[in-house]
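Trainee: Please find one structure pasted underneath; my questions will follow.
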There are 4 protein chains.
Amino acid sequence: MSANQSVPDVTRRSERSRRAIYDAALALVAEIGYPKTTIEGIASRAGVGKQTIYRWWSSKADVLLEAFLDLGEQAAEAAGQAPYTFPDTGDLAADLKQVLRATVDEMRDPAFEAPSRALAAEGVVNEELGREFVAKLLEPQLQLYVDRLRSAQDAGDVRPDVDPRIALELFVSPLAQRWLQYTAPISYEYTDTLVDYALNGIAPR
Amino acid sequence: MSANQSVPDVTRRSERSRRAIYDAALALVAEIGYPKTTIEGIASRAGVGKQTIYRWWSSKADVLLEAFLDLGEQAAEAAGQAPYTFPDTGDLAADLKQVLRATVDEMRDPAFEAPSRALAAEGVVNEELGREFVAKLLEPQLQLYVDRLRSAQDAGDVRPDVDPRIALELFVSPLAQRWLQYTAPISYEYTDTLVDYALNGIAPR
Amino acid sequence: MSANQSVPDVTRRSERSRRAIYDAALALVAEIGYPKTTIEGIASRAGVGKQTIYRWWSSKADVLLEAFLDLGEQAAEAAGQAPYTFPDTGDLAADLKQVLRATVDEMRDPAFEAPSRALAAEGVVNEELGREFVAKLLEPQLQLYVDRLRSAQDAGDVRPDVDPRIALELFVSPLAQRWLQYTAPISYEYTDTLVDYALNGIAPR
Amino acid sequence: MSANQSVPDVTRRSERSRRAIYDAALALVAEIGYPKTTIEGIASRAGVGKQTIYRWWSSKADVLLEAFLDLGEQAAEAAGQAPYTFPDTGDLAADLKQVLRATVDEMRDPAFEAPSRALAAEGVVNEELGREFVAKLLEPQLQLYVDRLRSAQDAGDVRPDVDPRIALELFVSPLAQRWLQYTAPISYEYTDTLVDYALNGIAPR
DNA sequence: TGTTAACCGAGACGGTACGTCGTGTCTTACC
DNA sequence: GGTAAGACACGACGTACCGTCTCGGTTAACA
């Protein structure tokens, strides 16, 4: 009376196919956009049977999420150091501005933008994927802000009663929203301003 | 030298069908979700031919956007008169907290949440719709924050050099991101904290 | 309690529209073929409202049948004499061969062929139209053969016990079938042979 | 330099689906008539996806043609062995009359009439299908007449200079036309008369 | 000489079917 | 047993016409 929906045997999995599927998925999303990217299209481009995709992933979004995670790991490995680091020069404002400027650059990189937007969009409407996206991609990066802000609290540059997990949203979320929803253009000047407003508040002192 | 792709005659448009289509679209999105909502489903539920939808709208997202806009107008008309208002008691922090708490309530209202998320998600991946969504829905509401902040500047409660269009993002965007992307839970306490941080900054005084 | 399906008033009918509809129908059938000819297409080409067609005809086939009949009348009128005539030189074989050769010519005239085939095809599958087609178009022409054969019987060139209505089919039907069903090519030589076989039989004397 | 429009793999074809499609097509044509028979209707009745029809046939007419051919093969297989046979008792007139009477019976059999008329009608207006219809269905049967007439020529019952392919039309085509175009009723007496006229001619001896 | 009822053009409407595309499942043959 | 290939049932797409229906605007017979 054993289950018949054969659990795939990971040890026999074809590494070759997996790589080809990642590449195809990322390429198609970049070239024709997420909505026009199809499982059949990925399979065909990767020279792979459809079943091979359905065996290992549950949906188009799932494929793309893993492909995107893999892309990040590849990039980090290539760069040859820890995937996530955050500058700590002692000057909090400068460090934040630097990281946000780098984020702006990333947002403008087409290779990053297409899959990133696609996953974000899917996550808005598909809570499960959304939470996975946050847990695996977003939160680890936000945690770096938390760490840096705690270090700033130790140095007395941030009030000790401030919750770093909330504070970081003051500069990260506005940028994210402008980028995701096209509410307004993004620029270095803008992110610098965000840091200034957030650190010092907008009320007169 | 005129275009030949016959523009439909707006004066002959059936008001009855338009209403039925709005109702069906909103109901279906709420009941079965945006991805499972189809043009055929809307047409069938509205008792309308598919062509009647394609004649007046260009896509499922377009239908939903107009339906949602109409819903807002209907609601405003039914309730008071002015569709958009913002409290101005003289106490900026209190006013902001009140509005944000109302926004939290709205975000938890299923009738609002389903179409709203769907449109936001679609806008992330479809720039044209995204910009339309912002222009017709988001920006008018953000403008109310701008006005209130300017009034606060006149009262000396906000530094005169602060750009209100950027400042408002300090409390609006974090909430938006938590809701859209499920990065963290939302609550009155959270929005209150955002207002406090944003108004006073997080650096020690 | 009178019927509400207003019987159209023939006296007020627009002659202009009728002509335009006939012309459009015949032109479209010749240009794009009967199956691709649509009521909307005819209306549009004739510069006429769809309702004007539906008011006076019951179907596409009906329009075409009348258009074709009208075409015949026009042609006869233009030729300036009786629409149907049949030579009677006293030489039955020669007369029949001449008429059949003329029929072959007609079958090869594109202006005649397209609508003629279309009506015949429709008549095969739509008994009512088929009978109307026969009664109004085919039978009057076959009657001329009957008359000529009777004249031949009077002259002693055809056995008196022969039924002319059946006899005529011996040369008319084979030609018709070859043309309608593409069973074999048609030519003067072929029709001449048919006349010879039919008149003299195929058994040795 | 090979074509890229993926030719389906015939070896993987579902025999089950093909049979179901044939049955559904023939049943629908018999029940509701050819014009009201739709691809969707056939697919639905056969419990088959539309694509499965489009994969193997190019049109409704094509499906019906193959279904009809298959029906003939099935019937022949079920009955005797040889699909096409023709009596040869030595009495040409009797043999022809027998076969034509059988044809009259067939023409009155609803199971045969509906698809047969539909295909004939389609063939009138669609030359390609018409020629296929003739080549696969009509001509093989006409060839039997040719053979029988040649045998009669050997026996001296038909003049040696007569072309059998033409001669057979003297009795076959009139019957075909009366049936197809409703030009006149058909009966045993009528077909008997045709044979008499054709064999002996209509001119006095 | 207005009035008015019908035809007329135009085309929106609720429908049905089209032929295509993609889904997720299944089967086949290969490795 | 994983794999490339692809047939299959299914469902939705966006388009084309169907036949019905309104909507002004002519137009001809009657008041």
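The values are calculated or read from the model by the stated rules, or taken from the named source; none is laboratory data. Quick caveat: nothing in here was measured; it's all calculated off a predicted structure. Glycine gets a Cβ as well: all are built from the backbone with ideal geometry, and neighbour counts include every protein chain shown. Surface areas here come from the heavy atoms of the whole protein model, side chains and all, with no ligands, DNA or RNA. Shrake-Rupley method; radii C 1.70, N 1.55, O 1.52, S 1.80 Å.
Trainee: Give me the percent of Cα-Cα pairs in region A:146-205 that sit more than 18 Å apart, rounded to a whole number. Don't skip to the answer; put the middle values down first.
Mentor: Working: 712 of 1770 pairs.
Within region A:146-205, distances greater than 18 Å cover 40 percent of Cα pairs.
Trainee: Something else now. Sum -39500 (n - 2.57) across every DSSP H segment of at least 4 residues in the protein assembly as shown, then divide by the residue count to get the 222 nm mean residue ellipticity, nearest 500. It would help to have the intermediate numbers written out before the result.
Mentor: Values: 44 runs with 553 residues, N = 820.
The helix contribution divided over the protein assembly as shown gives -21000 deg cm²/dmol.
Trainee: Name the residue, out of C:ALA121, C:ALA176, C:ALA155, whose mean-square fluctuation peaks in a Gaussian network model built on chain C with Cα pairs under 10 Å.
Mentor: It is C:ALA155.
Trainee: Using only alpha carbons, build the gyration tensor for region B:10-64 and give me the equivalent ellipsoid semi-axes, biggest first, whole Å. Working shown, then result.
Mentor: Working: eigenvalues 67, 23, 17 Å².
Ellipsoid half-lengths, sorted descending, are 18, 11, 9 Å.
Trainee: What is the P(r) of region C:30-99, as percent of Cα-Cα pairs per 5 Å bin from 0?
Mentor: Taking all Cα pairs of region C:30-99, the binned fractions are 3, 13, 16, 16, 13, 11, 10, 7, 6, 4, 1 percent.
Trainee: Give me the percent of accessible area attributable to carbon and sulfur for region A:89-205, probe 1.4 angstrom.
Mentor: Working: 2390 of 4620 Å².
Accessible surface attributable to carbon and sulfur in region A:89-205 totals 52 percent.
Trainee: Between B:ILE202 and residues 5 or more places away or on another chain, which pairs have amide H atoms under 5 Å apart, with H built 1.01 Å from N, and which residues are they?
Mentor: Close amide H contacts, sequence-distant or interchain: A:LEU199, A:ASN200, A:GLY201.
Trainee: Another question about this same structure. Can you list the HN-Hα couplings for region C:45-60, worked out from phi with the Karplus curve (6.51, -1.76, 1.60; θ = phi - 60°), rounded to whole Hz and with x for Gly and Pro?
Mentor: 5, 7, x, 9, x, 4, 4, 4, 6, 4, 5, 10, 10, 9, 6, 4
Trainee: Moving to a separate point now. What dipole magnitude, in Debye to the nearest 20, does chain A give about its Cα centre under +1 on Lys/Arg Cβ and -1 on Asp/Glu Cβ?
Mentor: Working: 22 positive and 31 negative charges, 155 e Å.
The dipole of chain A has a size of about 740 debye.
Trainee: Report, as an integer, the average count of C-beta atoms from other chains found within 10 Å of each Cβ along B:124-133. Provide the component values of the computation, followed by the final result.
Mentor: Details: counts 15, 12, 5, 2, 1, 1, 6, 3, 1, 3.
The mean count of partner-chain Cβ atoms within 10 Å per residue comes to 5.
Trainee: Apply the Karplus curve 6.51 cos²θ - 1.76 cosθ + 1.60, θ = phi - 60°, to the phi angles in region B:104-121 and return the couplings in whole Hz, x for Gly and Pro.
Mentor: Calculated HN-Hα couplings, in order: 4, 4, 4, 5, 8, 7, x, 4, 8, 4, 4, x, 5, 4, 4, 5, 4, 4 Hz.
Trainee: Right, here's the next one. Against the globular-protein guess of 2.2 N^0.38 Å, express the Cα radius of gyration of chain A as a ratio, rounded to two decimals.
Mentor: On the way: Rg = 20.2 Å, N = 205, 2.2 N^0.38 = 16.6 Å.
That works out to 1.22 for chain A.
Trainee: Give me the compactness ratio for region B:94-187, meaning the Cα radius of gyration over 2.2 N^0.38 Å. Intermediate results must be reported in sequence, preceding the final value.
Mentor: Details: Rg = 14.5 Å, N = 94, 2.2 N^0.38 = 12.4 Å.
In units of the globular-protein estimate, region B:94-187 measures up at 1.17.
Trainee: How much accessible surface does A:THR89 have with a 1.4 Å probe, in Å² rounded to 10?
Mentor: The accessible area comes out at roughly 100 Å².
Trainee: Shortest first, in nm, what separates the label point of C:GLN143 from those of the same position in the other copies (7 Å along Cα→Cβ)?
Mentor: 4.4, 8.1, 9.9
Trainee: Evaluate E = 1/(1 + (r/R0)^6) for B:ARG165 and B:ALA135, where r is the Cβ-Cβ distance and R0 equals 22 Å; express this FRET efficiency to the nearest 0.05. All intermediate terms of the calculation are to be shown ahead of the outcome.
Mentor: Numbers: r = 15 Å, r/R0 = 0.66.
Step by step, r from the Cβ atoms, then E = 0.90.
Trainee: Here is a further query. Provide the buried accessible surface between chains B and A in square angstrom, both chains summed, 1.4 Å probe, rounded to the nearest 100. If you can, show how the numbers build up before the last one.
Mentor: Details: alone 12660 and 12630 Å², together 20670 Å².
Chains B and A together bury roughly 4600 Å² of accessible area.
Trainee: Which chain B residue puts its Cβ closest to the axis that rotates B onto D, and at what distance in whole Å?
Mentor: Residue and rounded Å distance to the axis: B:GLU40, 7.
Trainee: Tell me which of C:ALA135, C:TYR54, C:GLN74 sits at the most positive position along the dipole axis of region C:1-153, charges placed on C-beta atoms (Lys, Arg +1; Asp, Glu -1).
Mentor: C:TYR54
Trainee: Where nothing but the Cβ of Lys and Arg (+1) and of Asp and Glu (-1) is charged, how large is the charge dipole of the protein assembly as shown around its Cα centre, in debye to the nearest 20?
Mentor: Numbers: 88 positive and 124 negative charges, 73 e Å.
Roughly 360 debye for the protein assembly as shown.
Trainee: Got the A:ASP105 label distances to the other copies yet, label 7 Å along Cα→Cβ, in nm, shortest first?
Mentor: Spelled out, the distances from A:ASP105's label point are 4.7, 8.7, 9.2 nm.
Trainee: Heavy-atom accessible area per residue, the protein assembly as shown, 1.4 Å probe: how many Å²?
Mentor: 50 Å²
Trainee: Please list the three semi-axes, largest first and in whole Å, of the ellipsoid equivalent to the protein assembly as shown, using sqrt of 5 times the eigenvalues of its alpha carbon gyration tensor. Write out the running numbers ahead of the final one.
Mentor: Working: eigenvalues 1385, 221, 79 Å².
Value: 83, 33, 20 Å, ordered largest first.
Trainee: Please name which of D:ALA121, B:VAL124, A:THR183 has its Cα lying farthest along the dipole of the protein assembly as shown towards the positive end, using unit charges on Cβ (Lys, Arg +1; Asp, Glu -1) and the Cα centre as origin.
Mentor: D:ALA121
Trainee: D:ASP70 to B:ARG101: FRET efficiency via 1/(1 + (r/R0)^6), r the Cβ-Cβ distance, R0 56 Å, to the nearest 0.05? Spell out each step's value before the answer.
Mentor: Working: r = 73 Å, r/R0 = 1.31.
Approximately 0.15, to the nearest 0.05.
Trainee: Taking the alpha-carbon centroid of each part, what is the distance from region A:43-104 to region D:100-169 in angstrom?
Mentor: Rounded to whole Å, the Cα centres lie 73 Å apart.
Trainee: Now a separate question. Determine which lysines satisfy two conditions relative to B:LYS36: a Cα distance under 26 Å, and not lying fewer than 8 residues away in the same chain.
Mentor: A:LYS36, A:LYS50, A:LYS60, B:LYS50, B:LYS60, B:LYS136, D:LYS50
Trainee: Moving on to the next point. Please list, in order along region A:66-73, the HN-Hα scalar couplings obtained from phi with the Karplus expression 6.51 cos²θ - 1.76 cosθ + 1.60 (θ = phi - 60°), rounded to whole Hz, x for Gly and Pro.
Mentor: With coefficients 6.51, -1.76 and 1.60, one gets 5, 4, 6, 4, 4, 4, x, 4 Hz.
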